[in-house]
Amino acid sequence: MDDTLAAARRWYAEDLRYKVPVLRNPQLIEAFASVPREKFVSPGPWRIISDPYSDAFLTPDTDPRWLYHDVLVTIDVSRNLNNGMPSFWARNFEHLDIARGDRVLQVGAGTGYYSAVLAEIVGSAGRVTAVETDPMLASQAQANLVNWPQVDVISGDGRTMDVGELDVVIVFAGSTHPSRCWLDRLIEGGRLLMPLTDECFA
């Protein structure tokens, strides 16, 4: 790996440590420092949004260091689909106390970037089941995640997917209420994070 890019990725991860802040789970920082974000988005130049209230801009070149900031990166502008804000998800992962060996269900995998981050956190003894309702995105995620054997990518409805006992359920898309399946499969002391919305995601 290019030393300059590795340094940029490390800086990005350390910036998240202090911005979030990450106090309990140092493995989270190592995960962000090791997963190459450029592998999970289209080739540059990239459409970037520095915060939800800022206008998007197109990077002037294809230098991947543009991606190693706390920014949204557009995946599909027609659907307003972005690779999520790193500090937002780092904060969520920190609160969930995800540990080595945990079994995680991720609903709404997108192209798999945060699936890879979760895989790095749980390690080889853990499991991440990444469910994506869009077959094209699920196919991309599966290809992108080939180097993380502890991740299973499934195309389908994450509300009805029964993958066995779970330590953590993380929902990346809004829903009006938690799925009964999620609640039934979470072990005692399991954790669920889900954004509530007025309408269920499709």
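Quick notes on this one:
- Contacts under 6 angstrom Cβ, first residue in segment 81-100 being in contact (Cβ under 8 Å) with a residue 12 or more places away in the chain, partner assigned to a strand (DSSP E or B) and among the polar types (S, T, N, Q), 6 or more apart: N82/T74
- Residue satisfying all of: in segment 46-61; open to solvent by 80 Å² or more (accessible area, probe 1.4 Å) and assigned to a loop (DSSP other than H, G, I, E, B); farthest from K19 (Cα to Cα) among these: P60
- Residue within segment 9-19 that is open to solvent by 60 Å² or more (accessible area, probe 1.4 Å), free of Cβ contacts under 8 Å to residues at least 40 places away in the same chain and farther than 20 Å from V77 by Cβ present: yes
- Residue pairs whose Cβ atoms lie under 8 Å apart, sitting 6 or more positions apart in sequence or on different chains, and linking a residue in segment 107-131 that is free of Cβ contacts under 8 Å to residues at least 40 places away in the same chain and closer than 19 Å to M85 by Cβ to a partner that is surrounded by fewer than 22 Cβ atoms within 10 Å (Cβ to Cβ) and not β-branched (V, I, T), are S115/W148; A130/D152.
- Meets criteria (open to solvent by 20 Å² or more (accessible area, probe 1.4 Å) and either within 30 Å of I48 (Cβ to Cβ) or not hydrophobic (A, V, I, L, M, F, W, C) (or both)) for S87: no
- If only residues of segment 20-45 that are closer than 21 Å to V146 by Cα and among the hydrophobic types (A, V, I, L, M, F, W, C) are counted, the one that is surrounded by the fewest Cβ atoms within 10 Å (Cβ to Cβ) is A33.
- Residue among T160, T197 that is out of contact with any strand residue (DSSP E or B) (no Cβ under 9 Å at 6 or more places or on another chain), more than 26 Å from I29 (Cα to Cα) and either of a type outside the set (S, T, N, Q) or free of Cβ contacts under 8 Å to residues at least 40 places away in the same chain (or both): T160
- The residue list A143, A130, A119, A138 contains one member that is closer than 18 Å to I75 by Cα and within 13 Å of the chain's Cα centre (by Cα), which is A130.
- Selection status of R100, open to solvent by 20 Å² or more (accessible area, probe 1.4 Å) and under 21 Å from R191 (Cβ atoms): yes
The values are calculated or read from the model by the stated rules, or taken from the named source; none is laboratory data. Small disclaimer: the values here were computed from a predicted structure and weren't measured. For neighbour counting, all protein chains shown are included, and Cβ atoms are generated from backbone atoms with ideal geometry for every residue, glycine included. With ligands, DNA and RNA removed, areas are computed over all heavy atoms of the protein, side chains included. Shrake-Rupley method; radii C 1.70, N 1.55, O 1.52, S 1.80 Å.
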